[in-house]
């Protein structure tokens, strides 16, 4: 993606959703939110809510988020979509507490598909985190961005009929040395260690581009991308 051709972001979709003459914008926003709903569910659980209540609150939040008038009640915070979602979730939780009117299970048409059972299974496996719910949310957000970048890269390899290469090389994406050694990979791919090293280097560059693409979707201008990459890697 070139600096001169900044694509549609979460924010441009949100702005479209605020426009009364855009009938498909709410569905587009729902699709975009679906990518990062788990960090919000994680945040609500970290506040001390049980699994059922967290499920209801997360579903209720998205039902409210899809209402265009509701979007007008939350300020955009520094152009970061993660900050917007957290601020608007807090706004929703405050309204629920004030009105004592949380969404009843099954009481509305969910705007996106939330696999709450899978989310709860993930939550049970989360390490103990003594940080604030807000910091825990940001860490989960960062992991979600990285997971999506990795999935995008994997799809790129599989589309090129190189899925086996991805699975063999992906353990070296982070530089931590996880996975099989270069020698073992070279033997499996019937190539040289030098060729494997070059492939890993190329994959890391591709992953860097995929990560920037994911982050580009969640900031309001290209100037914010580098700072956001640095921030997300720092909190990890």
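Summary table below
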| item | result |
| --- | --- |
| Some residue of region 193-211 being closer than 22 Å to residue 34 by Cβ and surrounded by 13 or more Cβ atoms within 10 Å (Cβ to Cβ) | yes |
| Test: residue in region 176-187 that is in contact with a helix residue (DSSP H, G or I) (Cβ under 8 Å, 6 or more places away or on another chain), at negative phi and not in a helix (DSSP H, G or I) | yes |
| Any hit, region 17-32, residues being in contact with a helix residue (DSSP H, G or I) (Cβ under 9 Å, 6 or more places away or on another chain), farther than 25 Å from residue 228 by Cβ and either in a helix (DSSP H, G or I) or at pLDDT 85 or above (or both) | yes |
| Filter pass, residue 180 being more than 26 Å from residue 225 (Cβ to Cβ), out of contact with any strand residue (DSSP E or B) (no Cβ under 9 Å at 6 or more places or on another chain), modelled with pLDDT of 90 or more and surrounded by 13 or more Cβ atoms within 10 Å (Cβ to Cβ) | no |
| Meets criteria (more than 20 Å from the chain's Cα centre (by Cα) and part of a helix (DSSP H, G or I)) for residue 207 | no |
| Filter result for residue 161 (surrounded by 13 or more Cβ atoms within 10 Å (Cβ to Cβ) and more than 25 Å from the chain's Cα centre (by Cα)) | no |
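The values are calculated or read from the model by the stated rules, or taken from the named source; none is laboratory data. Treat the numbers as computed from the prediction; the structure is a model and nothing was measured. So basically every Cβ, Gly included, is an ideal-geometry build from the backbone, and we count neighbours across all protein chains shown.
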